[in-house]
Structure formats: structure tokens, C-alpha cells
2 protein chains.
Amino acid sequence: MRSEIVSIGTEILMGQITDTNASWIAQQLPALGIDLYWVSAVGDNLGRLRTVLDRALDRSDLVICTGGLGPTEDDLTREAIAAVLGEEIFVDPELEAYLRGHFARRGNAMPERNVKQATRTASTEALPNPRGTAPGWWSERHGHALVAMPGVPHEMRFMWENEVVPRLRKKLGDVVIYSRILKVIGLGESAAEEKIRDLLHTDNPTIGTYAKEDGIHLRLTAKSDLLEQAQALVDDLDVKVRAILGMHVYGVDEDRLEGIVGQLLLEKGLSLATMESCTGGLVANTITNEPGSSSYFKGGLVSYTNEAKIAFGVPATVISEHGAVSSETALEMATAARQRLGASVGLAVTGVAGPSEMEGKPAGTVHIGIDLDGQRRAIDAFYPVVRVQMKRLTMLAALDLLRRSLLGEAPNA
Amino acid sequence: MRSEIVSIGTEILMGQITDTNASWIAQQLPALGIDLYWVSAVGDNLGRLRTVLDRALDRSDLVICTGGLGPTEDDLTREAIAAVLGEEIFVDPELEAYLRGHFARRGNAMPERNVKQATRTASTEALPNPRGTAPGWWSERHGHALVAMPGVPHEMRFMWENEVVPRLRKKLGDVVIYSRILKVIGLGESAAEEKIRDLLHTDNPTIGTYAKEDGIHLRLTAKSDLLEQAQALVDDLDVKVRAILGMHVYGVDEDRLEGIVGQLLLEKGLSLATMESCTGGLVANTITNEPGSSSYFKGGLVSYTNEAKIAFGVPATVISEHGAVSSETALEMATAARQRLGASVGLAVTGVAGPSEMEGKPAGTVHIGIDLDGQRRAIDAFYPVVRVQMKRLTMLAALDLLRRSLLGEAPNA
């Protein structure tokens, strides 16, 4: 199946947003066995939009659009699709009732312009959007499918997974493609590829590597006539990769590092407290992104000054002797967090977020400490990158240290 | 001048890289008065590349390509351009000598495959690339220009600024475009448009509205023969928009909410401390994303249990009387944070992040409190959306309350 992505919105052409939707969708297609031939972006202009969609429906079996489904006059995706299909747009009473209910449940009346989002054409199927007000559209012309999704990334992804993928699977033929992502932490993309290079040059199964916000993703993909066979090929490769990468593999598919450590804490009946300086609350924030984290996360301290560290229980002598940015202070911070918040595990981070140096230590210097029921361990790292990236890498390293410690890794592994 | 961007490379279609070149170039064009009508990505396939470039040269005055200029067999941009121009490719002896020198200066012999990068066609001008081995190409057909630059972002940007922009200025007429973004918080996109609807339907200047992670962006744009005139048109519209939206406008262009509140704290010589439950550290994390925040941010407390709130100084009686999720507790948290961390301002958030309800209050319930040197104020909100979005909206509302309080807004405004 030959596919094409069309991203709609003048803000993309004005460079005001980078189109992350197109690359996210591009990543989903190989696992479905769908080839992507064209990606384009077009502004909120009815004439150009019609031209693009018309050509796309001619040359591609599947056209995937994002954006332009809002309630304002700028939003012209629906009008363009209707024109390309040669159909009229009308208000669907069921959709309208659903949308009015959506607003009513939030205690608001629906603005009249939002009626625009309750429209469709005769042959178009509306795709529910429980995360927003813009339903998607699924249309077909001469067997070629066109799907329109909202441009807001989390709404689009939810609709893709729950509405679009099931419809695509129906349209697809007999070849089964099975795919699994192994998530890797503590290794860069080149280092990971170097280690598994002998596994990289096969046709079926294949491995693709992707550098992501939460580490390196390895996508293992196999094709076969039978799901079981494809799955067996991936299972086999999975074992080989893990034999090489070991503890660096922290999860699969939708696993998130904060979910993995949360699960480990729950299984072991342990609770967690944090103390952070350079990450400024990012560790606690990430841990609490996990639903249910209130059952193991006691709380966190963000100690952005030495006075705050001391007030929270870090001995002043340790700071004056070793500096606020040191392994010794990181360990004391972990212990203080654990004791102050009555948790079984304390996790602490201190470092220099930059851009300026601190205590003669360069921006990027990091010390992470953990106190697991009195067993203490510290690691160092150096991330000389811009502030927000430095915070993110440090947070990942802290969660990874927590994960390894909970799994019982020996301190010098 | 009507322009078009073509990003070349199969790795873009595979989702292996996000095409940041296109959005960077898109951002450069308005200041040159060049309109961007189309953006597309195409793989390393000679046939499809020819089709795309041929159509682009027909419909656009300027075609900007990136990628596909490397030395390998996959790199087909030069071949496609030559085919579209109907010209032969030959090795340019001067270019070849330059390239061999480039390698020699690094102590290497040039691999023979790199001769491919020393080619051009009769009507094509090679653009120097001092940062890499791939020269660019500048070609014209019937007065329409086509420029090809390398895909490596820092090479491309250097070539754009030093080689492409000077050539474009020569081709361009006199029209100047001036643009400014007003950032709006506390209003949805529809509500903001509703309020300024009378300003929306003009040709010059224009307003575009965009929903973003940090609020609603209003883009004010004007064209004129003179920069001063375009700027005056935008200034005039800016005044009208602010007269309607008032305090909802928090900044312009690159301003960020955390930067705005940081600047206000610095100007007033005030320091800040936070206590958060439902946002789990996101408020502190956002504040500390701002470089220099250590000069006004004392620290934060993440009180994920009632015990932690009480340990941090919230009176147990207030929690038992009004509940942990209440205005009264939010105010006590703000005061406790301020006092515990010796700050002039305490900012606190309590709420139900979900998915489950708490104390009989539904997921999405939010109370935010602020204590500014003893002056206390609380606001309520309701964000019944998924956990991570709920945290983000709550964080924005908390920073906005801080901003309004620092600006001296009366509690009932």
C-alpha cells in the first residue's frame, strides 16, 4: 500500500511550528507494511489544499491528513475534502448532539462556530475524538482512502491508534507484519548500533534504530503469512539483542521509564522520595506523570539553594567540605529525602544546569545519589548541553539508577 | 515571490529524522518578503524526485531543496536537477581541485566517490560549502530559481546565510513583510477569536490564531514597501488587540511565561518558593527551565501525601476541615512554602490529577493559592483532561496567577 502524508496549516509554512505529526506517522507505517512515498505541507488555502488532496488521492492508496479541523474560518480541511469528493457538507445531528454534550459536561455552552466540527459529507465517516472537539474524517474515492485527523499531537495519536489503525488493518492484505520496540537507556545511538552491528544487516527480521527523548528505540520487525511466524522471528531476534545489551534494555513498546520504576516499587512494596537541585523538579514531575504514582511516591524536595538543602536535612559540613555539587552531597540529599518524607527509597540529583559554572565545576556536571533502605550508591555524569536537555538527560540517568538499584544490580556493574 | 521547499531523503519518509530544515527555512522567508506555498519531502528515488522538481519549477518562482548531495549512490539530487534542466552533468576541474584540497588539508586523500560532489551542469553555479564536502547548486529555468543545499543543518544554514540570501536579495523586489506574535493565556482559541472577531477580516494587516502548548498565539502580519510602514500597521493592530484582551496578553514573539514571571520577580527583588501536589513538580521544573532562575527561586516542595503537607507546615486541622483539595489548603500550602523556604512569594497547587476522584472531588479539580508577602489569593479551575494535560494546564494557570499578582492585579479582576 502506497501512502502519502499531508500536513495542513499556514503555521507550518510560516515556520511557527515544526511538523512532528508527519514524522510520528511516518514511524508508524513500516510496522503496518505501508510504504510512504510523499510528505507535504500546505497552508490554510482552499485552492491549494484541493489541488494537493486531489493529486494525492490519484497517486496514493492512502492519504493521511492532519490539521485544519478546528472551528475557525481558517480551518478548511473539511471543505477541501468535500470538494475533492464532489459532495456537499451538512451538519450531522448525532455529531452535533455529541459535541454539545462534550461542552455541557464541562459546564459550558458550545460556541456556535463549533457546529462546523459536527459536519460531514454523505460518504464520509466521522472518527470520534474523545480528547478534543474536532472529530476526524474517513473518506474513500475509487478505493483510495483519505483520513483527516486533528493537528493537536495527542488527539491525533489517540485517533490514529484507536480509529485509523483498525480500519487500515481491514484494508490491508494477507501479509502479517509484526513489530516490537526495545527501549534502550545509557547508550547513544552509535554505541548501540556498534554493539549490535552483526544483527543489523538482515532482510527479515529487520532492526531500525531511532534516537528518542526517552532513550534509543530499536524497532524489530518481521513479515510472514502467519502472525505466529512473524512473532517467532521477532522473539528470536529480541533474545539476541538482549544478550548483547543486557540491562540497557529497560522496556518494550509503550513502556515508559517512570512506569517501569513505578511497577518495581509497587512489586517490592517500597515508597519513594526525591530531592533535586539542577533538575528543578523534573524527576518528581516525571514520576508523577504515571497514573497511580500517589501510592508509592511520598513527595519531593527541590533544593535550589544551599540553605534549602540544609533546611531539608543535608549536613552543612558535607556541603562545605565537598561542595553542593558532589557525590557526597548527592548521597546526603538522598538520605535526607528518604528520612524527611518517611520513604523507603531516596533519590537525589545535584549538578550544574548552566549556562554558568558553579563551585569551579563546569555546566553539565552531575552527581546522582540513591539510598535504598540504607544501602547507598552514587554515580557521576557529564552532560554539557543546553539547560533543558541537560535536565532531561539527568532525569533519565536518575530514573535509570533507581531502576537498576531496584533490580538489585551491584554498585560496580 | 512564491516559493517552495523540497526536503530530500528516504530517512525523512522512514520517520528516522524529523525534518527541521524545512521549518528553519520557513522561518527565514517572511523577513525576506517571500511567500511559502508548498513544502514537501521525497525519498531518494530519481523518478519521483524529477516529478517533484519539475512541478515545483513550473509553479514556484523559487524552489529550495535540501539533502541528497552526498557522495553515495543514494544521493540523486544533482541527477534529478540536471534531468529537469535538460543538461549534462560534468566534473568541474576547479571544484575538483577545491575538494581534493579540502581533504588534503585534513591529511586525507579524497575517496574517488567524492568526485561526484565536484560536478555541475553548464548553467548551474556551485555554492561553496566551507563546512562540508557537498557544494550547493544554484540553477535557473525560465527565470525560476532552484537552489540545492546539503541536508546537514549547520552546513545548510551557513550556506543559506552566506550564499543564498545575497542571491535572493538581488532577485527580490521591494515588498517588506513584518510580523509579530502576541501570546495569550487564560482564553481558549475560540474564545480569543470571538473577542477579536472585528479585527480578523482585514487584508493588511492580518491576524492568524494558533493554539500552542503555552497558550494561544496571535500572529499579526503586515506588508508594505517600507519596513517602518509595515511595523506601524502591526503596532496599530497590536494596540487594538491589547485593548480588547488586556491582561490575557502575556508576551510577544520569543517570550515564555516562565521568563516573564522570572523577570517580574527580579525587577521587584522578590524570591519564590512552591508547594505542589497534583502537578508533582512541574511548576518548579518549568520555573527552573529559565536560565538564571537560581537567583530568585529558593526551592519547591512536592507534597504528594497529607503527611508530607503537614510535615512541610500545612496545619492538619485545615486539611481535615476543608480537605487536601481545597482553596483553604492551597493558601496554607503557599504560606508554608514561603515561610519554610524563606521566600517572599509562595505559590501552591492542589488538585485531583486523576484518573480516580479524591475526597469525592472529580479528576480535574484544581485549587491554586498564592501568598505574596502575606497578601493571599486563591483561584479554582477544572481541567477534566488526561493526566499530563491536566498537569500542564494547571501549571500554566499557576504561573499566570503569579504573573497577575506580581503585576498588582486586584483579586477580583
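Throughout, read-outs are computed from the coordinates displayed, never taken from laboratory work. Because the structure is a prediction, the values reported are computed rather than measured. Please note: Cβ atoms are built from the backbone with ideal geometry, for glycine as well, and neighbour counts cover all protein chains shown.
Here are a few things to note about the model shown:
- Cα centroid separation, segment A:87-151 to segment A:387-409: 42 Å.
- Computing FRET efficiency as 1/(1 + (r/R0)^6) for residue A:73 and residue A:270, where r is the C-beta to C-beta distance and R0 is 51 Å, gives about 0.40.
- DSSP-defined beta bridges in segment A:257-406 - what % are antiparallel, rounded to 5: 60
- Kyte-Doolittle mean at least 0.0, axial Cα span of 15 Å or more - DSSP H helices of chain B: B:20-32, B:227-245, B:257-268, B:387-406
- Neighbour cut-off at most 13 other Cβ (10 Å), DSSP loop, trypsin sites (Lys or Arg not before Pro), segment B:71-161: B:106
- Pairs of Cα atoms in the protein assembly as shown fall into 10 Å distance bins, from 0 up to the last occupied one, in shares of 2, 12, 19, 23, 22, 15, 6, 1, 0 percent.
- Placing +1 on the Cβ of every Lys and Arg and -1 on the Cβ of every Asp and Glu, with nothing else charged, gives segment B:176-252 a dipole about its Cα centre of roughly 140 debye.
- For chain B, convex hull volume per residue from C-alpha positions, Å³: 192
- Convex hull of segment A:257-406 built on C-alpha atoms - directionally averaged projected area, nm²: 7.5
- Per-residue HN-Hα couplings for segment A:352-366 [Karplus 6.51, -1.76, 1.60; θ = phi - 60°; Hz; x = Gly/Pro]: 10, 6, x, x, 7, 7, 8, 6, x, 9, x, 4, x, 5, 9
- Unit charges on C-beta of K, R, D, E only; dipole of chain B, Debye: 520
- Most positive-pole-ward Cα, B:408, B:77, B:148, against dipole of the protein assembly as shown from beta carbon charges: B:408
- Comparing A:56, A:23, A:345 along the charge dipole axis of the protein assembly as shown, the residue lying farthest to the positive side is A:345, per the Cβ-charge model.
- Residue by residue, segment A:318-325 carries 3J(HN,Hα) couplings of 5, 5, 6, 7, 10, x, 5, 9 Hz when phi is fed to the Karplus relation 6.51 cos²θ - 1.76 cosθ + 1.60 (θ = phi - 60°); x denotes Gly or Pro.
- For segment B:176-252: span of alpha carbons on each principal axis (Å, largest first): 36, 22, 18
- Applying the Karplus relation 6.51 cos²θ - 1.76 cosθ + 1.60 with θ = phi - 60° to segment A:117-134 yields 3J(HN,Hα) values of 7, 9, 9, 7, 10, 4, 8, 8, 9, 7, 9, x, 10, x, 9, x, 9, 9 Hz, where x marks Gly and Pro.
- Qualifying aspartates and glutamates (Cα of each under 18 Å from Cα of residue A:171; at least 8 residues distant if same chain): A:4, A:35, A:58, A:61, A:125, A:140, A:161, A:163, A:225
- For the set A:116/B:391; B:183/B:223; A:391/B:183; A:361/B:309; A:170/B:391, the pairs lying more than 31 angstrom apart at their alpha carbons are A:361/B:309; A:170/B:391.
- Under 5 Å, built H, 5+ apart or other chain: amide partners of residue B:92: B:119, B:120
- Excluding exposed DSSP-loop GluC sites (Glu not before Pro) (at most 10 other C-beta within 10 Å), longest clean stretch of chain B: B:255-413
- Projecting the Cα atoms of B:262, B:200, B:250 onto the charge dipole of chain B (Cβ charges, centred on the Cα centre) puts B:262 farthest toward the positive pole.
- Calculated mean residue ellipticity, 222 nm, chain A: -11500 deg cm²/dmol, from DSSP H runs (n ≥ 4) at -39500 (n - 2.57) each, averaged per residue and rounded to 500.
- Segment A:334-356 and segment B:233-307 have their alpha-carbon centroids 25 Å apart.
- Taking all Cα pairs closer than 8 Å and separated by 6 or more residues, the relative contact order of chain A comes to 9 percent.
- Cross-link partners for residue B:268 among the aspartates and glutamates, with Cα-Cα distance under 20 Å and sequence neighbours closer than 8 places in the same chain left out: B:255, B:258, B:290, B:371, B:373, B:400, B:409.
- Between residue A:54 and residue A:112, the FRET efficiency from the beta-carbon distance, with R0 = 30 Å, is close to 0.45.
- Compactness index (Cα Rg / 2.2 N^0.38 Å), segment A:69-141: 1.07
- The shape of segment A:2-171 can be summarised by an equivalent ellipsoid whose semi-axes, obtained from the alpha carbon gyration tensor, come to 24, 17, 17 Å from longest to shortest.
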